[in-house]
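Enquirer: There's a structure below that I have some questions on.
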Amino acid sequence: MIKRLMMFYREDICYDAVNINVDIMAKEFRKLGVECDIFDIIRDRENAVSQLVDSLQKYKYDAAFTCDMIGQQDLTIADGSNLYDSLGIPFFNLIVDPPWYHVLNSKCRNIYLFVKDRDHVTFVRKYYPHFKDTFFVKHSTEYDLYTGADPEKFVHRTHPVTFIGTHVDLKELSDRIESFPEDYRELVWTAINIILDDRSLSTDRGFEQALEECRNVPDFGENLKYMFSMMGYVERFVRAYSREELIRYLLAAGVPLHIWGKGWDELDEYAGSNAVTYSPVPYHDVPAIYKDSKIVLNVMPWFKNGSDERIAGGMMAGALVCTDHSKFIDELPGIDDMVRFYDISRPQDTAEILFDCLDDPEGSARSAKKAADYAGKNMTTSSAAETMLAYMNGVV
């Protein structure tokens, strides 16, 4: 049984969302009776290491845990041995993005991975055999922050349709891809076109098809870093293209869309008087926005067998979530009565779906209430922590 966890921060990215996630998980593990000590090896190495040494002299740790590891797994002791191997404890890493965005190499021999898409389990087992095991954990949100379902007040919410996310400049991304050597460039564009032609494909499946179709396939050898980098560019372009395409259609159709995020003011020429854009917001400001939104729009970050925080957060906040499909979400019991789906392959049809939801506030409120009740029981960070802790207890 795990009684004490060694946990780690990383450098500030995405409004410090990753470190906030570490704090959230620590809070949830503590509720379950686990002592948690958090060390900032990356940003404050000298102090953090000395604190870690002091803690190691006082306490027995049963495991280490972090989100999106970037070197914490390779801490060594004086004789050059891996810290966790020398202590005889496992290292658990939760990644919030697909595995091809991460350098998952490790000198730690006793390392495990939590992923957010069921298909990523198979991918990691294929390409990262040094991991002891990989386990799926669904997206979740904090109940205390997001709960706000009140059907009677639904119609008075300020934001008709809310979207929170960053706009990526497709021209800059295209120019970067065009700078690649010819064989890499051909492979990336081929994979992008394959996936945009069939948007049910995951990134890895589309990339595999491109490897079969290209005339000149790069020789990646045993170093998968370059292949994963190319997959990352494919996914970034596909995600950015699909997101911008959908938003353009909604703006042109006059959907009362409220957008928080960097770069969307570049599309003002497409927006009618119903659209409002705002500056990016910190992670902790999102719940209040969702609780004042009638509809939360989600564009799946290409988790074709996973989920997204916008879905869990929007549902728990009592908003009606409108999202594209994923196999995992489609299989949730009663999901069609709780959210509205659009087809990512036909973004031009989404405005009509949103207008229908806004024109039926009673029906939308009923669905939102069902969703909030479901999410409050099944999509909380508490339930995610219980799932991970049960798995970790089975390992130690």
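The values are calculated or read from the model by the stated rules, or taken from the named source; none is laboratory data. Values in this document were obtained by computation on a predicted structure and should not be read as measured data. So basically every Cβ, Gly included, is an ideal-geometry build from the backbone, and we count neighbours across all protein chains shown. The accessibility values were calculated without ligands, DNA or RNA, using every heavy atom of the protein model including side chains. Shrake-Rupley method; radii C 1.70, N 1.55, O 1.52, S 1.80 Å.
Enquirer: Quick one: in the range 125-139, which of the residues that are open to solvent by less than 20 Å² (accessible area, probe 1.4 Å) and modelled with pLDDT of 95 or more is nearest to E309 (Cα to Cα)?
Expert: V137
Enquirer: Of the residues F131, F114, F123, only one is in contact with a helix residue (DSSP H, G or I) (Cβ under 8 Å, 6 or more places away or on another chain), part of a strand (DSSP E or B) and on the phi < 0 side of the Ramachandran plot; which?
Expert: Within the list F131, F114, F123, the selection yields F114.
Enquirer: Taking the range 199-224 on its own, how many of its residues are small (G, A, S), surrounded by fewer than 17 Cβ atoms within 10 Å (Cβ to Cβ) and under 25 Å from the mean Cα position of the chain (by Cα)?
Expert: Result for the range 199-224: 1.
Enquirer: Of these, D85, D68, D37, which one is in contact with a helix residue (DSSP H, G or I) (Cβ under 6 Å, 6 or more places away or on another chain), acidic (D, E) and more than 25 Å from S307 (Cα to Cα)?
Expert: D37
Enquirer: Further question: With the condition being aliphatic (A, V, I, L, M), I'd like the helices (runs of 4 or more DSSP H) fully within the range 165-249 carrying at least 3 qualifying residues.
Expert: 170-178, 182-197
Enquirer: Then there is this: Of the numbered conditions (1) under 30 Å from H167 (Cβ atoms); (2) in a helix (DSSP H, G or I); (3) free of Cβ contacts under 8 Å to residues at least 60 places away in the same chain, A384 satisfies every one except a single condition; which is it?
Expert: Among (1) under 30 Å from H167 (Cβ atoms); (2) in a helix (DSSP H, G or I); (3) free of Cβ contacts under 8 Å to residues at least 60 places away in the same chain, the lone unmet condition for A384 is (3).
Enquirer: Here is a follow-up. Do the conditions hold for M227, that is, is it buried (at least 17 other Cβ atoms within 10 Å of the Cβ), modelled with pLDDT under 95 and either on the phi < 0 side of the Ramachandran plot or among the polar types (S, T, N, Q) (or both)?
Expert: Values: buried (at least 17 other Cβ atoms within 10 Å of the Cβ): yes; modelled with pLDDT under 95: yes; either on the phi < 0 side of the Ramachandran plot or among the polar types (S, T, N, Q) (or both): yes.
It is true that M227 is buried (at least 17 other Cβ atoms within 10 Å of the Cβ), modelled with pLDDT under 95 and either on the phi < 0 side of the Ramachandran plot or among the polar types (S, T, N, Q) (or both).
Enquirer: If you check G306 against the conditions, is it crowded, with 24+ Cβ neighbours inside 10 Å, touching a Pro at 6+ places or on another chain (Cβ under 8 Å) and of a type outside the set (K, R)?
Expert: It is false that G306 is crowded, with 24+ Cβ neighbours inside 10 Å, touching a Pro at 6+ places or on another chain (Cβ under 8 Å) and of a type outside the set (K, R).
Enquirer: Take the residues of the range 335-360 that are polar (S, T, N, Q) and touching a Phe, Trp or Tyr at 6+ places or on another chain (Cβ under 7 Å): which is farthest from K304 (Cα to Cα)?
Expert: Checking each candidate, the answer is Q348.
Yes or no, residue by residue, for (1) under 23 Å from the mean Cα position of the chain (by Cα); (2) not basic (K, R):
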residue: N110; (1), (2): no, yes
residue: T122; (1), (2): yes, yes
residue: K171; (1), (2): no, no
residue: W189; (1), (2): no, yes
residue: D197; (1), (2): no, yes
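Enquirer: Let me ask another. Within the range 60-83, take every residue that is at pLDDT 95 or above and not aliphatic (A, V, I, L, M) and give me the one that is surrounded by the most Cβ atoms within 10 Å (Cβ to Cβ).
Expert: So, considering only residues that are at pLDDT 95 or above and not aliphatic (A, V, I, L, M), the one surrounded by the most Cβ atoms within 10 Å (Cβ to Cβ) is F65.
Enquirer: Quickly run through the range 280-303 and pick out the residues that are surrounded by fewer than 19 Cβ atoms within 10 Å (Cβ to Cβ), of a type in the set (A, V, I, L, M) and more than 12 Å from G148 (Cβ to Cβ).
Expert: Within the range 280-303, V281 is the sole residue that qualifies.
Enquirer: Then there is this: Can you find, within the range 31-46, the residue that is most open to solvent (accessible area, probe 1.4 Å) among those that are closer than 16 Å to M388 by Cβ and out of contact with any strand residue (DSSP E or B) (no Cβ under 6 Å at 6 or more places or on another chain)?
Expert: Among residues in the range 31-46 that are closer than 16 Å to M388 by Cβ and out of contact with any strand residue (DSSP E or B) (no Cβ under 6 Å at 6 or more places or on another chain), the one most open to solvent (accessible area, probe 1.4 Å) is K31.
Enquirer: What's the number of the only condition in (1) closer than 21 Å to K171 by Cβ; (2) of a type in the set (D, E); (3) assigned to a loop (DSSP other than H, G, I, E, B) that E266 fails to meet?
Expert: (3)
Enquirer: Suppose we keep only residues that are in contact with a helix residue (DSSP H, G or I) (Cβ under 8 Å, 6 or more places away or on another chain) and in a helix (DSSP H, G or I) within the range 344-361. Which one would you say is farthest from R30 (Cα to Cα)?
Expert: Per the stated criteria, the residue is Q348.
Enquirer: Can I ask one more? Can you tell which of V188, V103 is farther than 21 Å from F328 by Cβ and modelled with pLDDT under 95?
Expert: Matching residue, one of V188, V103: V103.
Enquirer: From (1) open to solvent by 50 Å² or more (accessible area, probe 1.4 Å); (2) in contact with a His (Cβ under 9 Å, 6 or more places away or on another chain); (3) at pLDDT 95 or above, pick out the condition that doesn't hold for S345.
Expert: S345 satisfies every listed condition except (2).
Enquirer: I'd like to check something: does the range 272-294 contain any residue that is β-branched (V, I, T) and in a helix (DSSP H, G or I)?
Expert: The answer is yes; a qualifying residue exists.
Enquirer: Six or more apart or on different chains, Cβ under 7 Å: which pairs go from a residue in the range 180-193 that's under 13 Å from E235 (Cα atoms) to one that's among the aromatic types (F, W, Y) and assigned to a helix (DSSP H, G or I)? Could you list them?
Expert: What qualifies is V188/Y233; A191/F207; I192/F237.
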